[in-house]
Amino acid sequence: MGEFKVHRVRFFNYVPSGIRCVAYNNQSNRLAVSRTDGTVEIYNLSANYFQEKFFPGHESRGTEALCWAKGQRLFSAGLNGEIIEYDLQALNIKYAIDAFGGPIWSMAVSPCGSQLLVGCEDGSVKLLQITPDKIQFERNFDRQKRSAVHKMLVDRQYMGVSKRKCIIWGVAFLSDGTVISVDSAGKVQFWDSATGTLVKNHLIANADVQSIAVSDQEDSFVVGTAEGTVFHFQLVSVTSSSSEKQWVRTKPFQHHTHDVRAVAHSPTALISGGTDTHLVIRPLMEKVEVKNYDAALRKITFPHRRLISCSKKRHLLLFQFAHHLELWRLGSTVATGKNGDTLPLSKDADHLLHLKAKGPENIICSCISPCGSWIAYSTTSRFFLYRLNYERDNLSLQRVSKMPAFLRSALQILFSEDSTKLFVASNQGSLHIIRLLEGSFKHLHTFQPQSGTVESMCLLAVSPDGNWLAASGTSAGVHVYNVKHLKLHCTVPAYNFPVTALAIAPSTNNLVIAHSDQQVFEYSIPEKKYTEWSRTIQKQGFHYLWLQRDTPITHISFHPKRPMHILLHDAYMFCIIDKSLPLPNDKTLLYNPLPPTNESDVIRRRTAHAFKISKIYKPLLFMDLLDERTLVAVERPLDDIIAQLPPPIKKKKFGT
Amino acid sequence: MVAEESVRVVRCGGSELNFRRAVFSADSKYIFCVSGDFVKVHSTATEECVHILQGHRNLVTGIQLNPHNHLQLYSCSFDGTIKLWDYVDGILIKTFVVGHKLHALFTVTCAEDSVFVIINKGKQDIFQLVSVKLPKSSSQEIEAKELSCVLDYINQSPKCIAFGNEGEYVAAVRDFYLSVYFFKKKTTSRFTLSSSRNKKHAKNNFTCVACHPKEDCIATGHKDGKIRLWRNFDDDKKYTYTCLHWHHDMVMDLAFSVTGTSLLSGGRESVLVEWRDATEKNKEFLPRLGATIEHISVSPAGDLFCTSHSDNKIIVIHRNLEASAVIQGLVKDSNIFTGLMVDPRTKALVLNGKPGHLQFYSLQHDKQLYNLDIIQQEYINDYGLIQIELTKAAFGCYGNWLATVEQRQEKETELELQMKLWMYNKKTQGFVLNTKVNMPHEDHITALCFCNAEKSETPTLVTASKDGHFKVWILTDDSDIYKKAVAWTCDFVGSYHKYQATNCCFSEDGSLLAVSFEEIVTIWDSETWELKCTFCQRAGKIRHLCFGRLTCSKYLLGATENGILCCWNLLSCALEWSTKLNVRVMEPDPNSENIAAVSQSSVGSDLFVFKPSEPRPLYIQKNISREEVQWGVFVPRDVPESFTSEAYQWLNRSQFYFLTKSQSLLTFSTKSPEEKLTPTSKQLLAEESLPTTPFYFILGKHREKQDEKINKAFESELVQLPLTENIPAISELLHTPAHVLPSASLLCSKFVNSLLLSKETKR
């Protein structure tokens, strides 16, 4: 594996924003998640819960409701009073329509999917017709005396609980006429909608019950409380002989520390998210057919994309936050030590730059050039390019003005290895190549998307010699372009699972592709086919433990001096694949600890296999090779995130 | 007196009432509990024992009401029989001989003529739940050999089996799994929890199970204090469960209320928890029940619960969680340090009871009279906590004074010692703390005794300690300005060559005090506290020391650790006799010269009764118990017996009780078991007369009318009975207060005669 000096970076002060809404789409098995900063993320549950797409947030656009309609259409409504439909192909906002009722607090779609109902701050409920490419206002319902808190499907008499200053946070209407309400007093109540009477009352929490989601079969539902507990309710028969059924609280799940603001119920899992920023997917064991990968509990905290870029030459790290960028220079040391030693820093890490984004929009992507003299970032509507000048210790920043009109928004930005070219993937599916000159730029070429597709490219990779550019969208295959001749070179055959990371190896120009099902392919660009090693590993299959990892590979890099090595990492491990060694089979130990040095070389050679895995650094957000002997690892400990969140509801714990 | 039989060792009550769940009668008037070989019937209202159902020849292991006749009770026992009782009259109706050792009994309404028992087949700890067909027959004793196995490899405790939904399924738990057997489908479903391999679930073991009476819901208790409510268990895949968690330690027992709306649970915390609607937030508590809850049962009428506790008591609890009655047996929970004593006033047996308490236990009624809180500190039940122990107690001056010693030793050098002197208060009929002495000695107190001489004017107490001193404490006027208060002060400190004082004893007349210092016995004059003489036998440390009584008062007896029993003559100051006997217990009879000594050998314990003046023992009984006998005491009889046989004369005026290491209280009796079966004479008249509720007035009148009609119809055929009001014998019987009535046997013939029809009326 080789010894490395590792910069263990823990000053990336990233806090994901809390989850506000969760909507599950049964048809495509996708999950839409909106966060408090307005970001909307789409997870593909069929593809190992990979975060496929995301829509950047906007300061004024607090999302309060999210729902799927007509299969694939995603709508959101928020405090700015607008109903927004998202374009899931182009990854931008299709349109935004003001409902003219003040902030929107809730939204529901009719069972047939043709109508949309929104509850507004002024107490009105508005019905909108969903047309094939827009939505149309249909009618306005009478306004209530008090503002509509949630879906106003409930009659006024149910508000009887509000005498005790109790807020109903959510209701569900079942097809048999039962209304289930959850409220701030910690109750889950069952009402008969025909008579308006309370049927059953479950006191489940000392704090608010904030969310409810019912399964499609209406035989189970899930509620989330402000104490971080998620309760599962099931409809079970009273006795095996009778047909009478009753709702019973079954299992509590405590996977959150803070308010559970949103829950969803997929056919096989309970999904919850809240202020503590985790998205938790808890499979229902009785619904899972085989005990496989899907039967495991998932906790998704970090985005499945890179927020960090690195300038190898100048040892700089660029951190991307929602509204600003931070540039840090890594510390250095002169000391040396044994394996495992912590070396003292002779020079501390420097915070060089705090670049605040202009406008209310969140930053989509950012990049620093390998030479460290260019920084580019993009929001939904603007693209920014900066030139950095280093004069000894001083740093000056110069914005490159007059960006061309077509460079409005980018999904991915990449600099070539020699920092002379800038590659931008725009959200219309086109790829722009820009030549960078001292203080100015020149647009070289635009690769237009394949005719008929509008799919945006999310991942880019350029070969170190600058000749090849690989780009991948969310579903179609990876396209490889020849930069010299400015034409499409080839397309790697499409695979069932989305690409999570791409990289082109130096010298051999092999494209390494990682997919969300944990498969890794190696594709030779010059020969336009998979390499021998890739074929071998596909034939033999990956180790079962490798396939069971639950976070996607987010970064791939190569060692400049060891062409047989591929370096890759996910959130919980860092791996070096040594292609010269035999592949592990299911019987060998995948996660072998570092072999003790006193063991003979024979044993070491016998137990050695291609996958060298280190789990020292976690959660690992970024890891790259600075030079032959130096690695940089950016960690973000979960405790540091929790420490920055508002304090959770204090609960007395027995024995403390 | 009938012909005397040989003296036998018998259990004399103090059996475990908490061995199995108690059972309520259908009308909640009676509560049944197992008690050794007997079943006791108590009234729930008065706590009194109404009947003792005697007949089993071994431990009773299960009781259940007959589901088809709620006035009958089934019981099963290790003796392999199931007995059917009429509990109202305390009569044995039938005996079914099964043959196997029966460990538990269950009855189910829908099973027409069979009951379920747990038996042990084959190997030591493999138990089976079998159904036993009870054949219908008129004879008293019936063989019931038709067994069919229901569940195999179950836990032997009846708490781990529960029948649900009127006997449609049975749930059994063991270790980490719950198995449910459906009688109709004849299938077993099994649900396993992750076991100890996973550290987080290390204490997932099932401890008990209960079934919902109305719904398909099984509640299971677990070692980590969780309660799981299982539903949908007829489907191996779709089963689901909820957790209720309050207990921090093992759930000992669970019970559903009759309607199933609430679930009761209890454990080491000594708190009864009522979970309403099976929700975690909606729970009620009945705290401070005193000891670990072992069992919970619910009356069929639903108005009462009861909890059995580890300190051998049963608490009857109202539906609104108010304890209404306590049935307390002999507490056997703790180590006995004080030994057995007899309270001179109540003649109750006194020994360590609950932690920090002294219990007064009535041998005649087999119940605890009261608890005296000596340590007066809240008992904290926790592992590894070193508690204050009540180590010594003694009664003095005809029960006017009680001295107690408590100690706590956390480290070798840190001894906390306290002596308390309690005075009997006639007004409150209880002991009141008079003097508290902190650190009366530097080291452990080994013995304390009062001077119980009749003529002594000031009460005197002597304590002997390992610090080499004995101290004489006397009651004096305290410095109270009114000279009314009295307190105890130290009067004299004696020692002998810095030897540890091991025993002390006053002579019967109080003139001499004997104190043993390791191997040496010293005799002191109690008037002047002068050392009179010493005896030394060089036969090991003195373990027991006592003076002879009455005619033998010139003798002093000492038993040493090396197994020598010595008798010294105080007049000649010489050894009278000695013998080799490894004495464990030596107790003088207060009413005679007799001294009982229990010796320990490898086979068991032997009893010797002797007079100090005679070298030959009066009575020897070998092997009275297999275990070590720890304590013994002579209890004076209320009514002296008159055994003529010389060997039994020592039993005439007192009875010898002893306690073995496993804390069974045993005594000697000559009565045959049949003779002991005399029915208790107690009649609960109050129980029989119906309360005059508004319902009674309506229903009672209605019945009267019906009765009149019937009477009219039969009048012509019936013989006119004499009017009862006019017969003097009957009116006398009914109008005399019960406590002045002569015994029933005298009245009986008169009463029966009065009911007979004379020839004149017949004509």
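The values are calculated or read from the model by the stated rules, or taken from the named source; none is laboratory data. Computed from a prediction, not measured in an experiment: that's the story for all the values here. Positions of Cβ are backbone-derived with ideal geometry, glycine not excepted, and every protein chain shown enters the neighbour counts.
Tabulated results
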{"item": "Scope region B:280-319; condition among the hydroxyl-bearing types (S, T, Y) and under 15 Å from B:E269 (Cβ atoms); matching residues", "result": "B:T292, B:T307, B:S310"}
{"item": "Residues of region A:385-420 classified as buried (at least 21 other Cβ atoms within 10 Å of the Cβ) and part of a strand (DSSP E or B), total", "result": "8"}
{"item": "Residue in region A:38-59 that is surrounded by fewer than 18 Cβ atoms within 10 Å (Cβ to Cβ) and out of contact with any Phe, Trp or Tyr (no Cβ under 9 Å at 6 or more places or on another chain) present", "result": "yes"}
{"item": "Test: B:E284 is surrounded by fewer than 20 Cβ atoms within 10 Å (Cβ to Cβ) and either outside the structural domain of B:K203 (by the TED database) or more than 24 Å from B:F191 (Cα to Cα) (or both)", "result": "yes"}
{"item": "Residue within region A:224-238 that is surrounded by fewer than 17 Cβ atoms within 10 Å (Cβ to Cβ) and in contact (Cβ under 8 Å) with a residue 40 or more places away in the chain present", "result": "no"}
{"item": "Filter result (at pLDDT below 90 and either within 14 Å of B:V316 (Cα to Cα) or within 14 Å of chain A (Cβ to nearest Cβ) (or both)) within region B:289-301", "result": "B:L289, B:G290"}
{"item": "Members of region A:228-267 that are touching a Phe, Trp or Tyr at 6+ places or on another chain (Cβ under 6 Å) and more than 8 Å from chain B (Cβ to nearest Cβ)", "result": "A:V230, A:F233, A:L235, A:W247, A:A264, A:S266"}
{"item": "Qualifying positions in region B:527-548 - at pLDDT 85 or above and in contact with a Cys (Cβ under 7 Å, 6 or more places away or on another chain)", "result": "B:C533, B:L545, B:C546, B:F547"}
{"item": "A:V483, sole failed condition from (1) in contact (Cβ under 8 Å) with a residue 60 or more places away in the chain; (2) closer than 21 Å to A:L568 by Cα", "result": "(2)"}
{"item": "Residue list for region A:628-650, filter: of a type in the set (D, E, K, R), surrounded by 14 or more Cβ atoms within 10 Å (Cβ to Cβ) and not in a helix (DSSP H, G or I)", "result": "A:E635, A:R636"}
{"item": "Test for B:W275: is it in contact with a Leu (Cβ under 9 Å, 6 or more places away or on another chain), crowded, with 16+ Cβ neighbours inside 10 Å and either within 14 Å of chain A (Cβ to nearest Cβ) or not hydrophobic (A, V, I, L, M, F, W, C) (or both)", "result": "yes"}
{"item": "Criterion violated by B:V258 - all others in (1) more than 14 Å from chain A (Cβ to nearest Cβ); (2) in a strand (DSSP E or B) satisfied", "result": "(2)"}
{"item": "Qualifying strands (runs of 3 or more DSSP E) (wholly inside region B:194-247; at least 1 residues being modelled with pLDDT of 85 or more and facing chain A (nearest Cβ under 9 Å))", "result": "B:217-222, B:226-231, B:240-245"}
{"item": "Total residues in region A:612-656, condition within 14 Å of another protein chain (Cβ to nearest Cβ) and either touching a residue at least 40 places away in the same chain (Cβ under 8 Å) or of a type outside the set (A, V, I, L, M, F, W, C) (or both)", "result": "5"}
{"item": "Residue check, A:A335 small (G, A, S), farther than 28 Å from A:R629 by Cα and touching a Pro at 6+ places or on another chain (Cβ under 8 Å)", "result": "no"}
{"item": "Hits in region B:208-244 (condition: among the acidic types (D, E) and under 39 Å from the mean Cα position of the chain (by Cα))", "result": "B:E215, B:D216, B:D224"}
{"item": "Within region B:656-687, considering residues that are at pLDDT 65 or above, in a loop (DSSP other than H, G, I, E, B) and of a type outside the set (K, R), the one nearest to B:G353 (Cα to Cα)", "result": "B:Q663"}
{"item": "Test: residue in region B:13-33 that is surrounded by fewer than 18 Cβ atoms within 10 Å (Cβ to Cβ) and over 26 Å from B:G164 (Cα atoms)", "result": "no"}
{"item": "Count of residues meeting criterion [over 18 Å from the mean Cα position of the chain (by Cα) and in a strand (DSSP E or B)] in region B:630-655", "result": "4"}
{"item": "Conditions (1) without any contact (Cβ under 8 Å) to a residue 24 or more places away in the chain; (2) more than 24 Å from A:V236 (Cβ to Cβ): number failed by B:S270", "result": "(1)"}
{"item": "Test result for A:V223, within 14 Å of chain B (Cβ to nearest Cβ) and outside any loop (DSSP other than H, G, I, E, B)", "result": "yes"}
{"item": "Those strands (runs of 3 or more DSSP E) lying entirely in region B:395-510 with at least 3 residues out of contact with any His (no Cβ under 9 Å at 6 or more places or on another chain) and of a type in the set (S, T, N, Q)", "result": "B:430-438"}
{"item": "Qualifying residue in region B:572-581 (condition: outside any loop (DSSP other than H, G, I, E, B), among the hydrophobic types (A, V, I, L, M, F, W, C) and crowded, with 21+ Cβ neighbours inside 10 Å)", "result": "no"}
{"item": "Residue in region A:191-199 that is aromatic (F, W, Y), within 21 Å of B:T279 (Cα to Cα) and within 13 Å of another protein chain (Cβ to nearest Cβ) present", "result": "no"}
{"item": "Matching residues, region A:200-220, being more than 14 Å from chain B (Cβ to nearest Cβ) and either part of a strand (DSSP E or B) or basic (K, R) (or both)", "result": "A:Q210, A:S211, A:I212, A:A213, A:V214"}
